[in-house]
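Engineer: Have a look at the structure that comes next, please.
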Amino acid sequence: MSQEHSSSRSSVSRIDASVSLPVRLFIISSILWLLVASVLSLIVALKLQVPSFLSDCAWFTYGRLEVLQRNAFIYGWASNALFALNLWIMSSLARFELKSSWLPVLGGLVWNLTLTYGLIQVLLGQLNGFALLEMPKEVAPAMVVAFLFAALWPAVAFARRPTGNVFVSQWYIIGATFVFPVITVVAQLMLLWCPTLGVMQALVHSWFYQNLILLWLGGSALSAIYYFIAKESGRTISAYYLATVGFWTYFLFASWTGPATLLGAPIPVWLQSVGVVAALMMLVPIVITAVNFFGTLAPRSGIAQSWNNTTLRFVLVGTVSFIVSALLSVVFSTRSLNALVRFTEFTQAQEHLAVYSFVSMVIFGAAYYILPRLTGSFWPSAKLVHLHFWASTLGSLLFVVAGLNHGWAAHGRTDFAVSALPGLVAAALLFVGHFAFALNAFGMLTAEEAPSSRRSY
Amino acid sequence: MSDSNNSRPAISGQVASWLGVIAFVAVAIAVIAYAYLAFRSHDGVDADRRVAQKALRADLESKAKGKLTDSGRNADGTYHIPVDAAVALIAAKPEILAKLRQPSTNGGEAPPAPVFTNGNK
């Protein structure tokens with residue numbers, strides 16, 4: 001028994017070692033991009049409060065910096081981190097030892113260099129008018145190729161798994177992995193290379209945007225939630241048989257919610273109705289995932305126990321944010337309620353809830369689990385972990401409240417400059433949290449490996 | 001020379017699987033792109049129709065302008081042409097109507113109407 005256990009641990013260690021190089025590269029890159037995005041977010045929030053700040057130079061105008069921040073966050077931070085997360089989780093679940101680690105490393109390097117070039121072009125004013133497609137169109141082919149090198153390895157691991165068993169996390173990773181290149185190529189083709197005419201552009205863009213946020217980012221984060229809740233709580237997923245339905249309905253309906261973001265736009269009403277119906281049908285996967293997650297954690301004081309576990313604490317915040325964000329999307333996709341908020345910062349708050357409070361918090365939780373296993377070291381400072389958690393959670397909460405406040409300001413209920421203040425405070429809090437996380441992570445990554453402490457976290 | 005060296009594949013199993021996944025993604029993208037571009041060729045049909053309509057309007061305009069002869073010119077600068085020709089002229093290029101409404105240069109105010117006289121009478 002002990003021999004078997006020892007052999008299993010040794011195998012896991014070899015798996016970690018085999019993916020260590022690409023995972024480290026992705027995590028280091030993602031943290032650097034997170035710092036860049038945090039600084040930019042702070043400047044953008046400051047410019048909302050003090051419009052004359054850095055306004056003399058065209059490079060630092062609000063329009064460019066806001067685009068820069070969003071792209072650095074999504075493609076730099078979240079995507080790099082999800083490359084690492086998906087590869088690590090899939091390798092662990094599929095018992096996959098990566099032998100050609102130079103290929104994902106090469107992909108990661110090309111991805112980050114291309115992104116840097118694209119963002120410099122944005123800074124110089126070469127940007128398109130579609131959110132998250134702002135970088136010059138010549139950047140996209142290089143990024144797709146880099147993605148194929150960097151992020152398709154989870155699919156390889158899945159294809160070469162030694163057993164036929166499949167865990168729900170693997171479904172979500174596979175789905176998310178295939179979604180990204182397809183939606184990127186199609187959107188680039190239909191919006192920038194051979195553009196469609198008129199209102200079709202708005203439709204294609206809404207489809208791309210929703211798929212990117214919900215399927216690439218959201219799908220990957222959901223896989224991590226399933227993995228870490230089961231792993232860290234030591235419990236089997238509650239109502240696991242429903243997870244299949246949850247997965248298929250999530251991928252089916254999420255990809256159709258694009259038109260629901262265009263209510264009131266000059267597109268055919270039947271298309272808007274399709275979007276609304278798809279958004280309402282998202283209740284099915286939301287309820288199923290909620291049953292899976294909270295049904296697993298809630299019994300026997302599981303949530304209270306999770307609060308004492310760093311990874312689960314972050315994942316729990318991410319899970320709650322996912323449920324709240326998804327429910328808000330359902331509720332405010334109805335025509336009457338959508339009419340109240342469609343042109344306000346409420347939509348920004350919703351997006352922040354999905355991209356930051358949900359996806360990023362899950363990534364943070366995963367990083368707290370994965371990095372010690374890759375480095376064989378402890379996190380240098382528990383205080384920095386706490387600072388990171390509270391600054392990120394409160395900052396994120398404040399950002400959502402600030403978004404609602406902005407929405408009211410847009411309706412002339414409050415002074416705009418006053419309503420921008422919570423956003424500035426939130427950006428400052430997030431910056432502090434991210435800086436603490438980066439300090440801790442780089443402290444760990446640069447520390448000497450202590451063999452005796454290996455696996456004693 | 002050992003057998004193990006001879007049997008070693010040129011591409012390792014993992015890389016071969018990776019290339020297979022890439023091929024799968026590439027085929028999916030190619031099919032979607034082909035479908036879009038094939039669908040998009042209908043835009044070309046629309047463009048052809050627009051060009052044909054433009055040519056038809058230009059033809060009607062030139063024919064209608066042909067009706068504005070010196071023999072049909074009134075003393076006040078207006079023309080008397082058949083109603084159907086006037087309608088065709090306006091339909092081809094509505095700006096002509098505005099142009100013909102411009103006041104005469106003889107110092108007095110131009111009469112607001114009629115622009116055309118009924119040439120059938």
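Engineer: Ranked from the most accessible area to the least, with a 1.4 Å probe and all protein chains present, what is the order of A:Phe251, A:Phe378, A:Phe314?
Structural biologist: Values: A:Phe251 30, A:Phe378 110, A:Phe314 0 Å².
Final ranking, largest accessible area leading: A:Phe378, A:Phe251, A:Phe314.
Engineer: Can you give the three extents of the C-alpha atoms in region B:18-79 along their principal axes, from longest to shortest, in whole Å?
Structural biologist: Principal extents (Cα only, largest first): 86, 15, 10 Å.
Engineer: How charged is the neighbourhood of B:Trp18? Take every other residue with its Cβ under 13 Å from the Cβ of B:Trp18, and add Lys/Arg as +1 and Asp/Glu as -1.
Structural biologist: Working: positive: A:Lys99, A:Arg160; negative: none.
With Lys, Arg at +1 and Asp, Glu at -1, the neighbours total +2.
Engineer: If region A:359-399 were replaced by its equivalent ellipsoid, with semi-axes equal to the square roots of 5 times the Cα gyration tensor eigenvalues, what would those be, largest first, whole Å? Intermediate values should be presented prior to the final figure.
Structural biologist: Details: eigenvalues 96, 32, 3 Å².
Ellipsoid semi-axes (Å, largest first): 22, 13, 4.
Engineer: Enumerate the calculated ³J(HN,Hα) couplings along region A:133-149 in order (Karplus 6.51 cos²θ - 1.76 cosθ + 1.60, θ = phi - 60°), each rounded to whole Hz, writing x wherever the residue is Gly or Pro.
Structural biologist: 10, 6, 5, x, 5, 5, 6, 4, x, 5, 6, 5, 4, 4, 4, 4, 6
Engineer: To the nearest 20 Debye, how big is the dipole of the protein assembly as shown about its Cα centre, given +1 on the beta carbon of each Lys and Arg and -1 on that of each Asp and Glu?
Structural biologist: Approximately 580 debye in magnitude.
Engineer: Given a 1.4 Å probe, show me the residues in region A:154-169 buried by at least 20 Å² of accessible surface when comparing the whole protein assembly to the chain alone.
Structural biologist: Going by heavy-atom accessible area, the residues of region A:154-169 that drop by at least 20 Å² are A:Val156, A:Arg160.
Engineer: For A:Ala159 and A:Tyr240, what does the FRET efficiency come to when R0 = 22 Å and r is the distance between their Cβ atoms, rounded to the nearest 0.05? The partial results should precede the final answer.
Structural biologist: Details: r = 23 Å, r/R0 = 1.05.
Efficiency, rounded to the nearest 0.05: 0.40.
Engineer: Near the amide H of A:Val50, under 5 Å away, which other amide H atoms are found, from residues 5 or more places off or on another chain, if H is placed in the peptide plane?
Structural biologist: HN-HN under 5 Å from A:Val50: empty list.
Engineer: Go through region B:13-23 residue by residue and turn each phi into a ³J(HN,Hα) via Karplus (6.51, -1.76, 1.60, θ = phi - 60°); whole Hz please, and just put x for glycine and proline.
Structural biologist: x, 5, 5, 4, 4, 5, 5, x, 5, 4, 4
Engineer: So, one more: Relative to the longest principal axis of chain A, what angle (0 to 90°, nearest 10) does the C-alpha long axis of helix A:79-94 take?
Structural biologist: For A:79-94 against chain A, the angle is about 30 degrees.
Engineer: Under the rule of -39500 (n - 2.57) per DSSP H run of 4 or more residues, summed and divided by the residues of chain A, what mean residue ellipticity at 222 nm is obtained, to the nearest 500 deg cm²/dmol? Walk me through the numbers before you get to the answer.
Structural biologist: Numbers: 20 runs with 321 residues, N = 457.
Only helices count here, giving -23500 deg cm²/dmol.
Engineer: Next question, about the same structure. Using a 1.4 angstrom probe, figure out how much accessible area region A:140-266 has per residue, in square angstrom, rounded to the nearest whole.
Structural biologist: Working: 4210 Å² over 127 residues.
Heavy-atom SASA per residue in region A:140-266 reads 33 Å².
Engineer: Using alpha carbons only, how many degrees (0 to 90, rounded to 10) separate the axis of helix A:102-123 from the longest principal axis of chain A?
Structural biologist: 20
Engineer: Name the residues of region B:9-28, by number, that are at least 50 Å² less accessible with every protein chain in place than in the isolated chain; the surface is that of heavy atoms, probe 1.4 Å, without ligands or nucleic acids.
Structural biologist: Residues meeting the cut-off: B:Gln14, B:Trp18, B:Val21, B:Val25.
Engineer: Counting pairs on different chains as well as pairs 8 or more places apart, how many Lys pairs in the protein assembly as shown have Cα atoms under 20 Å apart?
Structural biologist: 10
Engineer: Let me ask another. Need one number: nm distance between label points at B:Val51 and A:Phe343, each 7 Å from Cα along Cα→Cβ, rounded to one decimal.
Structural biologist: Each label point is offset 7 Å from its Cα along the Cβ direction, giving 4.1 nm.
Engineer: Next up: In region A:173-202, what residues drop by 10 Å² or more in accessible surface going from the chain by itself to the full protein assembly, probe 1.4 Å?
Structural biologist: In region A:173-202, residues shielded by partner chains: A:Phe178, A:Pro181, A:Val182, A:Val185, A:Val186, A:Leu189, A:Met190, A:Cys194, A:Pro195, A:Thr196, A:Leu197.
Engineer: Using the Karplus equation 6.51 cos²θ - 1.76 cosθ + 1.60 (θ = phi - 60°), what ³J(HN,Hα) coupling, rounded to whole Hz, does each residue of region B:24-39 give in order, writing x for Gly and Pro?
Structural biologist: The phi angles translate into 4, 5, 4, 5, 4, 5, 4, 5, 5, 5, 5, 4, 5, 5, 5, 5 Hz.
Engineer: State the extension gain, in nm to one decimal, for the chain segment bounded by A:Ile120 and A:Val277, taking 0.36 nm per residue of separation less the distance between their alpha-carbons.
Structural biologist: On the way: separation 157, 0.36 × 157 = 56.52 nm, distance 4.02 nm.
Residue separation times 0.36 nm, minus the Cα-Cα distance, leaves 52.5 nm.
Engineer: Give the long-range amide H neighbours of B:Ile81: residues separated by 5 or more places, or on another chain, with amide H under 5 Å away, using H modelled in the peptide plane at 1.01 Å from N.
Structural biologist: Amide H neighbours of B:Ile81: B:Thr117, B:Gly119.
Engineer: Can you give me the relative contact order of chain A as a percent, contacts being Cα pairs under 8 Å and 6 or more apart?
Structural biologist: On the way: 664 pairs, mean separation 69.1, N = 457.
Computed over chain A, the figure is 15 percent.
Engineer: Nearest 10 degrees is fine. How inclined is helix A:199-210 to the longest principal axis of chain A, computing both from alpha carbons?
Structural biologist: Long axis of A:199-210 versus the principal axis of chain A: about 30 degrees.
Engineer: Something else about it: What percentage of the solvent-accessible surface of region A:9-445, computed with a 1.4 Å probe over protein heavy atoms, is contributed by carbon and sulfur atoms?
Structural biologist: Details: 11520 of 16190 Å².
Percent of accessible area from carbon and sulfur atoms in region A:9-445: 71.
Engineer: Roughly how much accessible area, to the nearest 100 Å², goes out of reach of solvent when A and B pair up, both sides summed, probe 1.4 Å?
Structural biologist: Values: alone 18830 and 9680 Å², together 26730 Å².
Roughly 1800 Å².
Engineer: How do B:Arg57, A:Arg64 stack up against each other in accessible area, from largest to smallest, with a 1.4 angstrom probe? Kindly include the intermediate steps, with their values, before the conclusion.
Structural biologist: Details: B:Arg57 110, A:Arg64 50 Å².
Heavy-atom accessible area, descending, gives B:Arg57, A:Arg64.
Engineer: I need the Kirkwood Rh of chain A: take the reciprocal of the average 1/r across all distinct C-alpha pairs and report it in angstrom. Let's see the in-between values first.
Structural biologist: Details: mean 1/r = 0.0444 Å⁻¹.
Result for chain A stands at 22.5 Å.
The values are calculated or read from the model by the stated rules, or taken from the named source; none is laboratory data. What you see is a predicted model, and the numbers here were worked out from it, not measured in a lab. Cβ coordinates were reconstructed from backbone atoms using ideal geometry, including for glycine residues, and neighbour counts include every protein chain displayed. Accessible surface areas use protein heavy atoms only, side chains included; no ligands, DNA or RNA. Shrake-Rupley method; radii C 1.70, N 1.55, O 1.52, S 1.80 Å.
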